[in-house]
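The values are calculated or read from the model by the stated rules, or taken from the named source; none is laboratory data. Since this is a predicted model, take the numbers as computed values, not measurements. Backbone-built Cβ (ideal geometry, glycine too); neighbour counts: all protein chains shown. The accessibility values were calculated without ligands, DNA or RNA, using every heavy atom of the protein model including side chains. Shrake-Rupley method; radii C 1.70, N 1.55, O 1.52, S 1.80 Å.
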Amino acid sequence: VYKDITRSDIVVVEDDFELLINGSNDDTPGHRHGLPSKLLVRFEQEEFEKAHEAFLKMFCPDGPDSPSRLATIIPGFIPAADWFLEILHPDVNKGQGLINMCKALKVPIEQTVAMGDGTNDIEFLKLAGLGIAMKNAHPSLKSVADYTMEWTNDQHGVTKTIKSLRAEGRLISETDVIMQ
């Protein structure tokens, strides 16, 4: 389904990172030429900082915000479980996805609500008409959100916040529009 929606190939790479980045000369399906739109690289906690610095040097030699960067690198972790880098094509992020979706659906971006918890949600919340961080969100996301909800992911924060916004009259559904 992901492949159909995004028109993207999914390629699992065990350890041939150089082939993934540089591509191959053959046109076999699944062989790429250059950086994919999204790449997740997992690390052990003790390797994380050194690896993060190495990837920044490789893909962002002039700095992570430089227009000449080859990728956007977002550090992430799930406490006590997983440390990873999300490496994205410089034109790929959830904010751009929101822009594309709004254009396709002819919905003004000012009328959207975005909710998130991680550093990969920053552009998404900044661009939405209303950007809401989960209670357990990363501090950098909370700093760009319009506000932080009182619930975490585990407390079903998105559902509770949608109900709260509807009760306040700040969020309407298609059903509400039809009934009016």
**OP:** Identify all residues within the range 135-169 that are among the aromatic types (Phe, Trp, Tyr) and open to solvent by 60 Å² or more (accessible area, probe 1.4 Å); write none if there are none.
**Re:** TYR147
Original post:
Just checking, which of VAL107, VAL113 is β-branched (Val, Ile, Thr) and under 17 Å from the mean Cα position of the chain (by Cα)?
Top reply: VAL113
Subject >> the range 39-64 residues that are within 19 Å of ASP82 (Cα to Cα), paired with ones that are not in a helix (DSSP H, G or I) and not hydrophobic (A, V, I, L, M, F, W, C) (beta carbon under 8 Å, 6 or more apart) >> reply: LEU39/GLU86; LEU40/GLU86; ARG42/ASP82; PHE48/PRO75; HIS52/PRO75
Original post:
Restricting the range 83-114 to residues that are open to solvent by less than 40 Å² (accessible area, probe 1.4 Å) and closer than 22 Å to THR152 by Cβ, which is modelled with the highest pLDDT?
Top reply: ALA114
Original post:
Out of the residues in the range 153-174 that are within 23 Å of GLY95 (Cβ to Cβ) and assigned to a loop (DSSP other than H, G, I, E, B), which is farthest from the chain's Cα centre (by Cα)?
Top reply: ARG170
**OP:** Please list, ordered by first then second residue, the pairs with beta carbon atoms under 9 Å, 6 or more apart or interchain, first in the range 97-113 and within 22 Å of ARG170 (Cβ to Cβ), second open to solvent by less than 60 Å² (accessible area, probe 1.4 Å) and aromatic (Phe, Trp, Tyr).
**Re:** LEU98/PHE124
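Here is a yes/no grid of residues against (1) under 18 Å from the mean Cα position of the chain (by Cα); (2) open to solvent by less than 60 Å² (accessible area, probe 1.4 Å); (3) at pLDDT 85 or above; (4) of a type in the set (A, V, I, L, M, F, W, C):
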{"position": "TYR2", "(1), (2), (3), (4)": "yes, no, no, no"}
{"position": "THR6", "(1), (2), (3), (4)": "yes, yes, no, no"}
{"position": "ILE21", "(1), (2), (3), (4)": "no, yes, no, yes"}
{"position": "SER24", "(1), (2), (3), (4)": "no, yes, no, no"}
{"position": "ARG42", "(1), (2), (3), (4)": "yes, no, no, no"}
{"position": "GLU47", "(1), (2), (3), (4)": "no, no, yes, no"}
{"position": "ASP65", "(1), (2), (3), (4)": "yes, no, no, no"}
